[in-house]
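**Student:** First the structure, which I've put down as structure tokens, then a few questions once you've had a look.
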């Protein structure tokens, strides 16, 4: 077993980096993942670094959100999300490379993003061309001394494992969002660790449900009210060698979000 895992939170640096890092500290936490939408500037990144240092917050990854329209469902998602869509792939590749340079410049050790609905058939042309785009980003990350993490969601666990093996740069990892595996109907997250568990570098501690129709994703839920079995998931993560941050994510806003994060902290603390 590993040492005690660190609990953090997933959040945006908006409206200001100062307010974001203070929010982490006010929760009694000292780690986070930061949502970083394109275009992000080095000046803004330096403000983030200063605020994180001021409040003693460790930034585990810049969660790099590229530009362009993305529709989070099963109908338009395959043609709008991530690096798979040909129409936006080149621009998003450039943006992710820039996010990697910014992360390295401020001492953040990785960037993370959604790759999209990667084809399960490795002979598919979109599989190969997406893999080449990923490799170009991963190679820049390697030169910068940082990692490139892929958030679970649109692809099956074995497809995610295959792309890591096929790109093969050695600096790739999985940002496990267990709720996403359920919400996209792709896998039970505990079982998914048997496929790619050795590659998990980050975690979004989020809960959710399976889809109930063929268009909309399953519903995100407050931790403990969905189907993610955290009492089984966290120990198994540790068995697989995970030593990173459990970044609580609750995709709502306002006071209810804060209360749900606090409840999640109470659930996770005895498991870590």
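**Student:** Just to be sure before I move on: is residue 216 touching a residue at least 40 places away in the same chain (Cβ under 8 Å) and within 19 Å of residue 7 (Cα to Cα) in the structure I sent?
**Tutor:** Judged against the criteria, residue 216 is not a match.
**Student:** Continuing with the same structure: Taking residue 155, is it on the phi < 0 side of the Ramachandran plot, surrounded by fewer than 22 Cβ atoms within 10 Å (Cβ to Cβ) and within 18 Å of the chain's Cα centre (by Cα)?
**Tutor:** When the stated conditions are applied, residue 155 does not pass them.
**Student:** Also: Before we move on, is residue 256 in a loop (DSSP other than H, G, I, E, B), at pLDDT below 95 and surrounded by fewer than 23 Cβ atoms within 10 Å (Cβ to Cβ)?
**Tutor:** No: the conditions fail for residue 256.
**Student:** Looking at 117, 121, which one is buried (at least 22 other Cβ atoms within 10 Å of the Cβ) and either part of a loop (DSSP other than H, G, I, E, B) or free of Cβ contacts under 8 Å to residues at least 12 places away in the same chain (or both)?
**Tutor:** 117
**Student:** Continuing with this model, one more query. For the stretch 235-251, state whether one or more residues are assigned to a loop (DSSP other than H, G, I, E, B), closer than 23 Å to residue 71 by Cβ and at pLDDT below 95.
**Tutor:** Taking every residue of the stretch 235-251 in turn, at least one turns out to be assigned to a loop (DSSP other than H, G, I, E, B), closer than 23 Å to residue 71 by Cβ and at pLDDT below 95.
**Student:** Could you list, in sequence order, all residues of the stretch 41-95 that are touching a strand residue (DSSP E or B) at 6+ places or on another chain (Cβ under 7 Å), more than 27 Å from residue 216 (Cα to Cα) and buried (at least 16 other Cβ atoms within 10 Å of the Cβ)?
**Tutor:** 48, 52, 57, 59, 60, 61, 62
**Student:** Report the residue count in the stretch 177-205 for those that are more than 11 Å from the chain's Cα centre (by Cα) and assigned to a loop (DSSP other than H, G, I, E, B).
**Tutor:** 5
**Student:** Is there a residue being under 17 Å from residue 9 (Cα atoms) and in a helix (DSSP H, G or I) anywhere in the stretch 218-230?
**Tutor:** yes
The values are calculated or read from the model by the stated rules, or taken from the named source; none is laboratory data. This one's a predicted model, so the numbers in the text were calculated from it and none came from an experiment. Glycine also receives a Cβ, built like all others from the backbone with ideal geometry; neighbour counts cover every protein chain displayed.
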